[in-house]
Amino acid sequence: MSADVTLEDVKQDAGIEEEEEQIDLAPVHRIIDSLKETKGMLIPVLQDVQTVYGYVPEEAANVVADRMRLYRSQVYGVLTFYTQFHLTPRGRHIIRACSGTACHVRGGKTVISKLEHMLGIGHGETTEDMFASFEKVACLGACGLAPVIMIDNDAHGTLDSVKTERIMDNLREMDTMKRAE
Amino acid sequence: MMVRLTIDGRQIMVDGHVNVLDAASKLGIHIPTFCHQARLSDLGACRMCLVEVEGMGKLQTACTLAVNDGMVVRTDTPRVEKARRMMLEFLLINHPLECTVCDASGECTLQDLAFKHGSAETRFKGKKRILRDHIISPLIDRNLNRCIQCKRCVRVCEEIQGVTALGMSYRGAATVVGPFMDKSLDCEYCSHCIWSCPVGAITSRAMKHKVRTWEMEKSEAICPYCSCGCTLSYNYRDNVVYRVTHAEGRGLNMGSLCSKGFFGYDVINHPDRITAPMVRDADGVLRRTTWQSALEEVARNMKRISRESGGKAVGGIASDRLTNEDLYLFQKLMRMVFSSNNVDTPSGLWSRTVVPVLEKRMGVRAATNSLDDLNYTDALLIVGCDITVANPISGLKVKQAIRRGGLVTEVNPGKTALSRLARRSLAVPVGKELALVKGLIKVILEEGLYDSETLGKYGKFSELEFSVRDKSLKEIARETDCSVDEITQTAREFAGAKKASIIFGETAVLQAGGEKVLEAVIDLLVLTGKLGQEGCGLYPILSGTNFQGALDMGVSPNWLPGHAAVSSDSERKRVEKAWNGKVPKDGGKSAYEMIQAAAAGKLKALYLAGVNPLATFPGGEDLEKALKKMEFLVVQELFLTDTAKLADVVLPATSLAEKNGTLTNVERRVQKTSKAIDGLGHSLPDWKIFSDLGVACGEEGMNYLNSSEVMDEIASVVPFYSGINHQILADNGLQWPFSRDDAREVYHEGYLGTRHLLPEGLSKDKQFFAAVPVWETHSADSKYPMTLVLGDLLFHSGSFTRYSESLNQLAAQATLLMNPQTGMGLDVQDGSSVRAVSTQGEFTVTVSYSEDIAPGMLFLPRHFKNAPVSALMIPGPDDQARTAIVHVRVVKA
């Protein structure tokens, strides 16, 4: 007669771990406190939250929902609808490779596979050492430089496999140096 | 405004607010749709209802297109047909054709429409979208591959249930429906999403792969779990109920159900059901026997004890979940055959505590208004009640009122599901509700917000003014943990609203002095003139399914059927004449007094019908001793409960799904419930057992052919039921009083009985204002400083639902809910064990931290085996009815 699944099984199946790292939620409260009126402000609030943490942690999303009198599922809907929001921690560097038409015809595919090979990750993933996150995007608005990628806020154009390797090696070196400081 | 339009060459006049889809359905023209559902907002998402409209180039979605005068619509052109075929082809790109294993097969809109319009062939080459789907809940299954993104589940969750546990996430072709962060469902398990899904994307795990939809027959009945009285549909095959479905648009619930109604059906065919009568043999063992020998055993012993020791040595307690017919025959049996007025329901709360106040103050013995009024209320005050638990579907009506802009103020010791929706939620400590209500009266008097007609009608308020003079609003605010502003605003909103009502619940009435709160609440209603009209009234809500019917049927030591006092000679004579038998003259004992008399050896025989005192009565071990001392104990039950194990004779009764009868809900609505399956094994409906037992005692007046015949007799004895019979109740029932004269008019459209009591206001001989002089009903004693509220959970009501495996998946154990602040003060951790100690007894229980409960308060669900609350509850002559509030001390175990 009974369903043979308990709530515990469900949690396990969904990959919910009971013990999670504690996150300081004070900044979230500060962001919401600074608003006069919360109505219609969900996206700016989530953007600010992401600026603080680098992504939108689940606990932060909970606080945002509760304090703005929204339902959690609604906030989740917004977070997943826009590609600008991220629900998992992201790498120290964000690498965006263009897969648009212009880049594609000028060899963008080799650049992308080189990046994927060097990083060992695919679209939307982050390296285990949190060095970088990689994503393919539709267009970076610099078709004249095709094939083009962006590393954080800098564009790198007219790439091929060799140039890509050099840029990535540089980036790794800079990162290591910066970490050592 | 009415408009005329033409659909498929046929003309129709419709209201200007409807859409083309509804207008067409009025003409009997069926336009296919996935995303449209009655009671939900229209979305136009599925593009299945496309129609051709003259003068509009593109095809239009009928569900979002408002009718216009002179509009010409065609639903049957080749262009429309082509569009439908294409929509289906699109949907079938991803929808897996796994109808062979899908539980929705047979009642799937996509399956039906594909069958009608299209073929399973597709011109699209490519992979189907296949998503890994995990289990989102123990009872609700989601299959994203089958989902057609019609958003019905999301809308129903938000617009009807007000929970919004489901949402749409991601976008475009990647859109999926799911809970927050795609984790487990954290919701009320109302089952609306299962109901609304037009395909097999959301289904019930409880019936997964057990039965095919087309193999089952359906039968409408009334839900057995609370006093709301919802209509549901049992689906059964081979005498097994396999599921409950929502009876779309039917009943006062319009088809809506709660977790108990939808998932709680598995008690019906539970393997532990008693299926044959049992009699204790010479060795002291309960053995199965025939009905004849069991009934003879009961008849012989009950008659003998009644004869030898008098009717006062015999007593009976019947559950207020039984039908009117069951309850009527029960008290007739006890009174006429066993010469005893010792008849009661387990709590007796309604007849002894609430009704006397209602009677004295207003001359009514029930809720004054209809539940439907709640949908349209402008201001609602809820005192001592979590309406979403006590009466989940009435709770939905309150949620609708809030969506319409109704101002709801909750006064409850903890947060409820309404708290985040309501205008305000006042966490007033138990015992201080009275101060809050008096505070509202004070504001209304001081600001002159009272009804001027009231002043003319009922005279001066001097006494009332005097009663609220000795405390300032500031003091009241401090005592009730509210702000002065909250009290003032609530009073202004309530007094200023056109339609304002009060819901009054168990937490308020189940405490010593609870009737004082009720008196003050009535003062507030009289003062503001919120009585006797649509949308203005009082709803005292208890949880027992048929608590109102039990009083109407005379299951009370002091009341005969029809609220006739046992002490009145003329009333007694009237009933005696109808029965052609004798009714004992002296008033009887309440349920608690019977147990007490049993302990003292004065009560020798006890008949328990659907009652399990060991789970619900106070007294712990003393109670067990008293029951064991009984010379003769009969238990009529569905299960071999702890109490049944002590019985001399156990009689197998049927559940509500296995019998015909009527139930009277919280708004006086008498509804017919129909049998879906035959009684399991040898079990019989309760009324039939009472009838057979009466006959076995040699009383031919107890012989009835069916329950309809019993109702005919009830109609002849209970004046306000006099127009009622089973035939007249066929559709949605009707609200008493309903006399024979009313019955003659019943064919007028919309005639449903009496929707509102007190149309003339209070009669002149009533006490208009009680002007309660005190400010609190009780306060904690220093040795037992914590206030423990014993109550129901959304997923369980009474000890009966404990037999539902499905509901046990949602909540199987009692934990003591405590505010973290309280916990830290006591140095008690979340999840640790504590001893809860009252003056009466103690037990050990696990603590669960919850922000929802006010500091200093504790909450414990009753009726769980791991927390035998019976041991804590304090028995006393009047306290039997006051078992929801116990003062305790909590110490680390």
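The table below lists the values:
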| quantity | calculated |
| --- | --- |
| Residue match in region B:569-582 (condition: surrounded by fewer than 24 Cβ atoms within 10 Å (Cβ to Cβ), at negative phi and among the aromatic types (Phe, Trp, Tyr)) | yes |
| Conditions (1) in contact (Cβ under 8 Å) with a residue 60 or more places away in the chain; (2) closer than 30 Å to residue B:545 by Cα; number of the one not met by residue B:280 | (2) |
| Residue count, region B:828-846 (criterion: surrounded by fewer than 16 Cβ atoms within 10 Å (Cβ to Cβ), among the polar types (S, T, N, Q) and either without any contact (Cβ under 8 Å) to a residue 24 or more places away in the chain or in a loop (DSSP other than H, G, I, E, B) (or both)) | 3 |
| Any helices (runs of 4 or more DSSP H) falling wholly within region B:325-437 and containing at least 1 residues that are surrounded by fewer than 21 Cβ atoms within 10 Å (Cβ to Cβ) and in the same structural domain as residue B:469 (by TED's automatic domain parsing) | B:392-403 |
| Residue satisfying all of: in region B:857-883; under 19 Å from residue B:517 (Cβ atoms) and in a loop (DSSP other than H, G, I, E, B); modelled with the lowest pLDDT among these | B:878 |
| Residue in region B:690-707 that is touching a Pro at 6+ places or on another chain (Cβ under 9 Å), within 30 Å of residue B:216 (Cβ to Cβ), touching a residue at least 40 places away in the same chain (Cβ under 8 Å) and not assigned by TED's automatic domain parsing to the domain that holds residue B:395 present | yes |
| Flag for residue B:516 being buried (at least 20 other Cβ atoms within 10 Å of the Cβ), assigned to a loop (DSSP other than H, G, I, E, B) and not small (Gly, Ala, Ser) | no |
| Per-region count, region B:556-597, residues among the aliphatic types (A, V, I, L, M) and part of a loop (DSSP other than H, G, I, E, B) | 2 |
| Count of residues meeting criterion [facing another protein chain (nearest Cβ under 7 Å), at pLDDT 90 or above and surrounded by fewer than 24 Cβ atoms within 10 Å (Cβ to Cβ)] in region B:170-207 | 1 |
| Check on residue B:886, in contact with a Lys or Arg (Cβ under 9 Å, 6 or more places away or on another chain) and not in a helix (DSSP H, G or I) | no |
| Some residue of region B:598-620 being farther than 24 Å from residue B:686 by Cβ, among the basic types (Lys, Arg), more than 32 Å from the chain's Cα centre (by Cα) and assigned to a helix (DSSP H, G or I) | no |
| Any chance residue A:114 is among the charged types (D, E, K, R) and within 16 Å of the chain's Cα centre (by Cα) | no |
| Region A:58-76 - residue that is touching a strand residue (DSSP E or B) at 6+ places or on another chain (Cβ under 8 Å) and polar (S, T, N, Q) and, of those, nearest to the other protein chains (Cβ to nearest Cβ) | A:73 |
| Selection status of residue B:641, of a type in the set (Val, Ile, Thr), part of a loop (DSSP other than H, G, I, E, B) and touching a residue at least 40 places away in the same chain (Cβ under 8 Å) | yes |
| Test: residue in region B:670-683 that is part of a loop (DSSP other than H, G, I, E, B), surrounded by fewer than 24 Cβ atoms within 10 Å (Cβ to Cβ) and hydrophobic (A, V, I, L, M, F, W, C) | yes |
| Of the criteria (1) over 16 Å from residue B:328 (Cβ atoms); (2) in contact with a Leu (Cβ under 9 Å, 6 or more places away or on another chain); (3) of a type in the set (S, T, N, Q), which one residue B:616 fails | (2) |
| Boolean, residue B:669 is basic (Lys, Arg), out of contact with any strand residue (DSSP E or B) (no Cβ under 8 Å at 6 or more places or on another chain) and under 30 Å from residue B:533 (Cα atoms) | no |
| Residue list for region B:522-555, filter: in contact (Cβ under 8 Å) with a residue 24 or more places away in the chain and part of a helix (DSSP H, G or I) | B:522, B:523, B:524, B:526, B:527, B:528, B:547, B:548, B:549, B:550, B:551, B:552 |
| Residue in region B:210-224 that is under 22 Å from residue B:258 (Cβ atoms), surrounded by 17 or more Cβ atoms within 10 Å (Cβ to Cβ) and at the interface with chain A (Cβ under 9 Å from one of its Cβ atoms) present | no |
| Out of B:103, B:76, sole residue that is within 14 Å of chain A (Cβ to nearest Cβ) and either touching a residue at least 24 places away in the same chain (Cβ under 8 Å) or part of a loop (DSSP other than H, G, I, E, B) (or both) | B:103 |
| Members of region B:552-574 found to be of a type outside the set (Ser, Thr, Tyr) and over 16 Å from residue B:343 (Cα atoms), listed by number | B:569, B:571, B:573, B:574 |
| Selection count, region B:52-111, where residues are of a type in the set (Gly, Ala, Ser) and in the same structural domain as residue B:122 (by TED's automatic domain parsing) | 3 |
| Residues of region B:252-283 that turn out to be within 14 Å of chain A (Cβ to nearest Cβ), under 30 Å from residue B:648 (Cβ atoms), in contact with a strand residue (DSSP E or B) (Cβ under 7 Å, 6 or more places away or on another chain) and surrounded by 20 or more Cβ atoms within 10 Å (Cβ to Cβ), as a count | 2 |
| Filtered residue count, region B:803-827, keeping only those that are within 12 Å of chain A (Cβ to nearest Cβ) and either among the β-branched types (Val, Ile, Thr) or not in a loop (DSSP other than H, G, I, E, B) (or both) | 7 |
| Residue that is farthest from residue B:396 (Cα to Cα), among those in region B:131-150 that are within 11 Å of chain A (Cβ to nearest Cβ) and part of a loop (DSSP other than H, G, I, E, B) | B:132 |
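Yes or no, residue by residue, for (1) more than 28 Å from the chain's Cα centre (by Cα); (2) buried (at least 24 other Cβ atoms within 10 Å of the Cβ):
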{"residue": "B:474", "(1), (2)": "yes, no"}
{"residue": "B:512", "(1), (2)": "no, no"}
{"residue": "B:523", "(1), (2)": "no, yes"}
{"residue": "B:530", "(1), (2)": "no, yes"}
{"residue": "B:554", "(1), (2)": "no, yes"}
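The values are calculated or read from the model by the stated rules, or taken from the named source; none is laboratory data. Since this is a predicted model, take the numbers as computed values, not measurements. Heads up, the Cβs are rebuilt from the backbone with ideal geometry, glycines too, and the neighbour counts pull from every protein chain shown.
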